[in-house]
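Working notes, structure below.
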Amino acid sequence: MRSDLKLIPAIRSLWTLAWPLIIANSAVPLLGLADAAIAGHLDNVSYLASVTVGAGLFSIFFGSFSFLRMGTTGLVAQAEGRADNHESLRILFNAMLLGLFLGIGLTGCSWYLIEPAINLADPADSLIEPLNQYLKIRLFSAPATLVTYALTGWFIGRGETKVALYLALGINTLNIALNYILAIRFELNSNGIALGTLIAEYIGVIYGFMWLLRITENGALLQTAVMKWKTLRTLMRVNAPLWMRTIALQSVFVSLSIFAARIGPNEAASIGLFLILLSAASYALDGLAYASEIEAGQSKGQKNFSRFINSLWAGALLTFGTALSIIALVEFFGPDLLGLLTDHETVIASTSSLLTWFRWVLLILCFSYWLDGVFIGLTRSWDMCSTMFLSVGFGWVGALWIIGSQHIDDLFKALLIFAVLRSISLGLRLPSVIRDLKTPNHPKLVE
């Protein structure tokens, strides 16, 4: 082992950054679990299917613009590594502007695409109306969601991981309370869940600004609140490949939900619950990935290669250990958790049969989560984009073309092949990244 490798301090440092992010990220799928539990106790399985499928589709839809969080985190972490606080704030302001404009545009354009998209998906007849109403209500939260991405990315890039925790917990706690009140007490069913989420998102933006004002220096925010084309170009240069990469990734889960909806309502609900469990696991692992973003980005800003290597080893070990822990929890408590989420026995039985697939998919995908964090912190977005297109094209689409999509097991065979190719292809790019960072004054160290 290298003499300058200080693994224990690196693990301790990474964990200090990661644990608030793990809790913060876990709050997001906990919202999905709470929504599923609320909808699962309504009188019609179509409400459960519309909420799980609709929430999953919106998670994927909004997740397509998560580059605002990722790109902001990487650039801000590098600015923090250079101790350039004003540049950090300039990146934030321009990222929020970009998120606001994109959110308004998405709300206007996508309103007219919901019904054609539902018709294209061709779900069961009982799903059409509740799913249509759910999607139309949730669509209006787009501006708030994208601005929150930028704010969260800034907090994480600075290493303010506890603030990111407070923001996530505040939004999601309010969201769960509103969803219960509107869906159950006011008997608005799945529409009430959508409306509660919408209200919580906008209150969350206000809450995020309160934290922003609290931790910035007097006048610093106003001094940097200027749209700069140079900063916008940097954001777009980093974010464009991340956007394409995210679209490709989300297309996998969109098509998974669509194929499941075509099979039937019970299968759609089962896939929805499976994706909620996978999201719970992936959000927890993403907490470690976000910490790796901070360490990689700030190491690059400082041009500190030893710090980068130490954090690299720490991230790999913590990620693998966490994935094994999650798999063990699902092994013991998965069936009981499904029973809490819904009263429909056929859905519980169908979802329980998918838990074996869950274990293998997560064990393989965990390494790609960690590598994503490293590459985001270094703003190596083209590497992420090219490997993702390779994985989706050959691993998902190619596998479906050979295996088919008529049964749930067929879908999960293709998903597992995609997971393997995603982790391997990104891992093969890591030695090149390490060589680039090890070379003093390498051009790729300079933005």
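Values in this text are rule-based calculations from the coordinates and carry no lab data. None of these values were measured; they are calculated from a predicted model. Using ideal geometry, Cβ is built from the backbone for each residue, glycine included, and neighbour counts are taken over all protein chains shown.
Suppose R0 equals 41 Å. What FRET efficiency, 1/(1 + (r/R0)^6) with r the Cβ-Cβ distance, do L113 and F209 give to the nearest 0.05?
0.85
Which angle between 0 and 90 degrees, to the nearest 10, do you get for helix 161-180 versus the longest principal axis of the chain when only C-alpha atoms count?
Once rounded, one gets 10 degrees.
Only Lys, Arg, Asp and Glu count, each charged at its Cβ (+1, +1, -1, -1), so figure out the dipole size of the chain about its Cα centre, rounded to 20 debye.
Using Cβ point charges on Lys, Arg, Asp and Glu, the chain gives about 1980 debye.
Give the relative contact order (percent, whole number) for the chain; include only Cα pairs under 8 Å separated by 6+ residues.
25 percent
Please label the shape of the range 348-447 as rounded, prolate or oblate, based on the square roots a ≥ b ≥ c of the eigenvalues of the alpha-carbon gyration tensor (a/c under 1.5 means rounded; beyond that, a/b larger than b/c means prolate, else oblate).
prolate
Rounded to the nearest 0.05, what FRET efficiency is calculated for I104 and R262 with R0 set to 30 Å and r the Cβ-Cβ distance?
0.35
Only counting other Cβ atoms within 10 Å, I'd like E160, E217 sorted with the fewest neighbours first.
E217, E160
To make sure I understand, if each residue's beta carbon is the centre and we count other beta carbons within 10 Å, what order do V397, V252 fall in, fewest to most?
V397, V252
For the Cα atoms of the chain, what angle does the longest principal axis make with the long axis of helix 45-63, in degrees from 0 to 90, nearest 10?
Tilt relative to the chain: about 20 degrees.
Once the convex hull of the C-alpha atoms of the range 388-442 is built, how many Å³ does it hold per residue, rounded to a whole number?
Here the figure is 58 Å³ per residue.
Would you list M236, M388, M227 from fewest to most Cβ contacts within 10 Å?
Ascending Cβ contact count within 10 Å gives the list M227, M236, M388.
How tilted is helix 7-40 with respect to the longest principal axis of the chain? Cα atoms for both, answer in degrees (0 to 90, nearest 10).
With both axes taken from Cα atoms, the answer is about 20 degrees.
Taking R0 as 35 Å, what's the FRET efficiency between A349 and N132 from their Cβ-Cβ distance, rounded to 0.05?
It comes out at approximately 0.75.
Which stretch or stretches of the range 410-431 have amide N atoms under 20 Å from the point lying 7 Å from V397's Cα along the Cα→Cβ direction?
Backbone N within reach: 411-426.
Hey, what's the Cα Rg ratio for the range 132-282 versus the globular rule of thumb, 2.2 N^0.38 Å?
For the range 132-282, the normalised Cα radius of gyration comes out at 1.25.
Projected onto the charge dipole of the chain (+1 at Lys/Arg Cβ, -1 at Asp/Glu Cβ, origin at the Cα centre), which of G153, T322, L48 gives the Cα projection farthest towards the positive end?
Of the options given, the answer is G153.
Take A225, project a point 7 Å from its Cα along the Cβ direction, then tell me which residues of the range 78-119 have their backbone nitrogen under 20 Å from it.
Inside the label zone: 85-104.
Among I327, I171, I215, which one shows the highest mean-square fluctuation when the chain is modelled as a Gaussian network with alpha-carbon springs under 10 Å?
Maximum among the listed residues: I215.
Would you please state the base-10 log of I(q)/I(0) at q = 0.09, 0.11 1/Å for the chain, with intensities from the Debye formula using one equal scatterer on every alpha carbon?
For the chain at q = 0.09, 0.11 Å⁻¹, log10 I(q)/I(0) is -0.55, -0.84.
Quick one: go through the range 79-95 and flag any residue whose amide nitrogen is under 20 Å from the point 7 Å out along the Cα-to-Cβ line of E217.
79-94
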